[in-house]
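In what follows, a structure is listed as structure tokens, so that the remarks can point back to it.
The values are calculated or read from the model by the stated rules, or taken from the named source; none is laboratory data. In this text the structure is predicted, and so the values were computed from the model without any measurement. For neighbour counting, all protein chains shown are included, and Cβ atoms are generated from backbone atoms with ideal geometry for every residue, glycine included.
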Amino acid sequence: EAGVAQSPRYKIIEKRQSVAFWCNPISGHATLYWYQQILGQGPKLLIQFQNNGVVDDSQLPKDRFSAERLKGVDSTLKIQPAKLEDSAVYLCASAPLRGEQYFGPGTRLTVT
Amino acid sequence: RKEVEQDPGPFNVPEGATVAFNCTYSNSASQSFFWYRQDCRKEPKLLMSVYSSGNEDGRFTAQLNRASQYISLLIRDSKLSDSATYLCVVGNNQAGTALIFGKGTTLSVSS
């Protein structure tokens, strides 16, 4: 079974630029999550989708971060404009309803 | 107070040692509890769920004390391959799916 796919794997941008990350969940998984993991910290939930609806985005910095999951499958996470403190690994995870979350390999973002 | 707090580590142990990790959580309404393992520069992977009755999976034993809001993980007979960061995780929404991760404790097992 294919796992969660993410791209790109690495991205380096300058502050104030924009960036977008893409996630393709495991087929059939209704729930999709985006996490931010800063070096030395555990992952922090940014947003949770169930199908194409948002369940929880309370920790998403909405002035600069946005996410969508059109058609309830793939998802994109965008940062505009990026700040130095956005340097982190962005992890996507998917799960069946009330099931185990499976994480993708992540996108490592460096903002200079 | 942080939502999920873990021993800071790192833990450096020889092969064959027994090592215990502790974790406390602040939200008494938390619904689900897990230990995840994360290898260097890799994604987290579920190690085991944690139940009040305690559960064991081979060399790994997890315990939950709801009254004390305390979770533990015991690893017996440590192997080199156990070297990783262990993340204590709590699920806080009604379905237990909004996961809150601790910072993680790093374990290094040496020969």
- [ ] Mind listing whichever residues of region A:53-72 are among the hydrophobic types (A, V, I, L, M, F, W, C) and crowded, with 16+ Cβ neighbours inside 10 Å?
- [x] A:VAL55, A:LEU60, A:PHE65, A:ALA67
Open item on the list: Among the residues of region B:9-20, are any at pLDDT 95 or above, within 12 Å of the chain's Cα centre (by Cα) and surrounded by 13 or more Cβ atoms within 10 Å (Cβ to Cβ)?
Closed with: yes
Task: Matching residues, region A:67-112, being touching a Lys or Arg at 6+ places or on another chain (Cβ under 9 Å), among the hydrophobic types (A, V, I, L, M, F, W, C) and within 11 Å of another protein chain (Cβ to nearest Cβ) - done: A:VAL89, A:PHE103
- [ ] Among residues belonging to region A:24-52 that are crowded, with 21+ Cβ neighbours inside 10 Å, within 11 Å of chain B (Cβ to nearest Cβ) and in a loop (DSSP other than H, G, I, E, B), point out the one that is farthest from the chain's Cα centre (by Cα).
- [x] A:GLY42
- [ ] Select from region A:2-23 the residues that are touching a Gly at 6+ places or on another chain (Cβ under 9 Å) and surrounded by fewer than 18 Cβ atoms within 10 Å (Cβ to Cβ) and list them in ascending order.
- [x] A:GLY3, A:ALA5, A:ARG9
Task: Residue check, A:LYS15 farther than 29 Å from B:GLU5 by Cα, away from chain B (no Cβ under 14 Å) and out of contact with any helix residue (DSSP H, G or I) (no Cβ under 9 Å at 6 or more places or on another chain) - done: no
Open item on the list: Just the residues that are under 26 Å from B:SER111 (Cβ atoms) and either touching a helix residue (DSSP H, G or I) at 6+ places or on another chain (Cβ under 9 Å) or not in a strand (DSSP E or B) (or both), please, taken from region B:61-80.
Closed with: B:ILE75, B:ARG76, B:ASP77, B:SER78, B:LYS79, B:LEU80
Open item on the list: Could you go through region B:29-48 and let me know if any residue there is farther than 23 Å from A:GLY99 by Cβ, within 14 Å of another protein chain (Cβ to nearest Cβ), outside any loop (DSSP other than H, G, I, E, B) and among the charged types (D, E, K, R).
Closed with: no
TODO: Give the number of residues within region A:40-53 that are out of contact with any strand residue (DSSP E or B) (no Cβ under 6 Å at 6 or more places or on another chain) and more than 17 Å from A:TYR90 (Cβ to Cβ).
DONE: 3
